[in-house]
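I have placed the structure first, in the form of structure tokens, so that the comments after it can refer back to it.
The values are calculated or read from the model by the stated rules, or taken from the named source; none is laboratory data. A quick note: this is a predicted structure, and the numbers were derived from the prediction, not measured. Here the Cβ is made from the backbone with ideal geometry for all residues, glycine too, and neighbour counts use every protein chain on show. All accessible areas refer to the heavy atoms of the entire protein, side chains included, with ligands and DNA or RNA removed. Shrake-Rupley method; radii C 1.70, N 1.55, O 1.52, S 1.80 Å.
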Amino acid sequence: MQAIVTGGRGGIGRAVVERLASNGYRVVVADGAPVPDGETSTATVTHVVTDLTDEAAIKDMVREASSDGLHVLVNCAGISPKRHGAAPQLPEIDVEEWDRVFSVNARSCFLTIREAWPHLADHDNASIVNVVSAVAKAAASGPPGTSFGLNHPAGAHYCASKAALGNLTLSVARALAGRGIRCNGVAPGYINSGMGNATARSVEQAVVRQLPLGRPGTSAEVANVVEFLVSPAASYLTGEIVDVDGGWYPD
Ligand SMILES: NC(=O)c1ccc[n+]([C@@H]2O[C@H](COP(=O)([O-])OP(=O)(O)OC[C@H]3O[C@@H](n4cnc5c(N)ncnc54)[C@H](O)[C@@H]3O)[C@@H](O)[C@H]2O)c1
């Protein structure tokens, strides 16, 4: 079975790639980051350097990865620009940064899904998982020093882009259901790897104080849920976004 994981060289993506590979998937890792020395492609995991803001590059990557069909697409690439480890306030966000965030976090997922569409296996437990975020349901934090709302390190552009991705997940689930193909999302809260590590210590402490389980999550805990969502055990789940946030954003 063939899988594609975008952002698979990042913190969460790496855990997802390892999990899928250990479950017997051949995985194409599409990430813009260079492949680290000593991490060359294997029979199971193929590394492709792909700029996911580039439509032509996405087309090439998906076509090559799916030549023998496709069972799993995990959209995990994402960016969350910060200022000194904290969320930028809205007036600090210029249009280039806004567009870049939407291009990586939302537009690239539309493109990978559109290109994967004809290759996804019908009625054979194929599925898409979009890595959304708990903050898709929340506002960006208020100005520094204010305590209203939940505090977290993501800007308004990041929150809005992840809300767009969450909504796209619902439309895709409906559009593919007739082919027996599922589309779900996973919404991590505060995870102590990848972009979580770019958070200032003082901001992190404020976040952790809000977490009912009292600690950040791990990328393995996100991979657990992705593993479940792509498995036959989740055969009756589609259009669902599963929070993995230690109880941060109850609903
Ligand atoms: N870490 C958290 O606390 C957290 C919380 C909620 C959601 N998320 C989401 O989880 C996903 C993974 O986050 P992470 O913490 O592992 O971060 P990360 O920065 O370690 O991983 C993101 C990956 O995306 C890749 N990427 C970024 N721009 C790209 C581009 N233009 N083309 C190709 N690849 C590109 C990066 O190279 C990187 O490997 C993201 O979508 C993020 O928004 C993370």
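Value of Rg to Rh for the stretch 46-105, rounded to two decimals, is 1.11; Kirkwood radius and Rg both from alpha-carbon coordinates. Share of carbon and sulfur in the accessible area of the stretch 112-251 stands at 57%, probe radius 1.4 Å. In whole percents, the pair-distance distribution calculated for the stretch 1-104 from its alpha-carbon pairs, binned every 10 Å from zero, is 14, 43, 27, 13, 3. For the pair Ala177 and Asp251, label points projected 7 Å from Cα toward Cβ lie 1.8 nm apart.
For the chain, the solvent-accessible area of protein heavy atoms averages 45 Å² per residue (probe radius 1.4 Å; ligands and nucleic acids excluded). When you work out D = kT/(6 pi eta Rh) for the stretch 166-209 at 10 °C and 1.306 mPa s, using the Kirkwood radius from C-alpha pairs as Rh and the Stokes-Einstein form, the result is 122 µm²/s.
Taking amide H as placed 1.01 Å from N in the peptide plane, the amide H of Ala86 sits under 5 Å from that of Ala200, each at least 5 places away or on another chain.
Sort the following peptides by mean Cβ neighbour count (other Cβ atoms within 10 Å, averaged over residues), highest first: 214-221, 36-43. Could you put the intermediate results ahead of the total?
Numbers: 214-221: 16.9, 36-43: 9.1.
Listed from highest to lowest mean packing, they are 214-221, 36-43.
Taking 27 Å as the straight-line reach from the Cα of Lys137, the lysines in range (excluding those fewer than 8 positions away in the same chain) are Lys82, Lys162. The three principal axes of the Cα atoms in the chain give end-to-end lengths of 54, 37, 32 Å, sorted in falling order.
Loop-located trypsin sites (Lys or Arg not before Pro) in the stretch 141-183 (DSSP state not H, G, I, E or B) with no more than 16 neighbouring Cβ atoms inside 10 Å: Arg179.
Dipole size of the chain about its Cα centre, with +1 on Lys/Arg Cβ and -1 on Asp/Glu Cβ: approximately 480 debye, rounded to the nearest 20. One quarter of the surface of the convex hull around the alpha-carbon atoms of the stretch 79-160 equals 6.7 nm², the direction-averaged projected area.
Hull surface divided by four, with the convex hull built on the Cα atoms of the stretch 122-251: how many nm²? It is 8.0 nm².
Can you list which of the DSSP-assigned H helices in the chain have a Cα extent of 30 Å or more along the long axis and an average Kyte-Doolittle score of at least 1.6?
none
The chymotrypsin sites (Phe, Trp or Tyr not before Pro) of the stretch 148-251 meeting both criteria, a DSSP state outside H, G, I, E and B (loop) and at most 14 other C-beta atoms within 10 angstrom of the site's C-beta, are Phe148, Tyr236. Close amide H contacts of Ile4 (hydrogens built in the peptide plane, cut-off under 5 Å, sequence separation of 5 or more or a different chain): Val28, Val72, Leu73, Val74. With semi-axes defined as the square roots of five times the eigenvalues of the C-alpha gyration tensor, the equivalent ellipsoid of the stretch 188-251 measures 26, 13, 8 Å, largest first.
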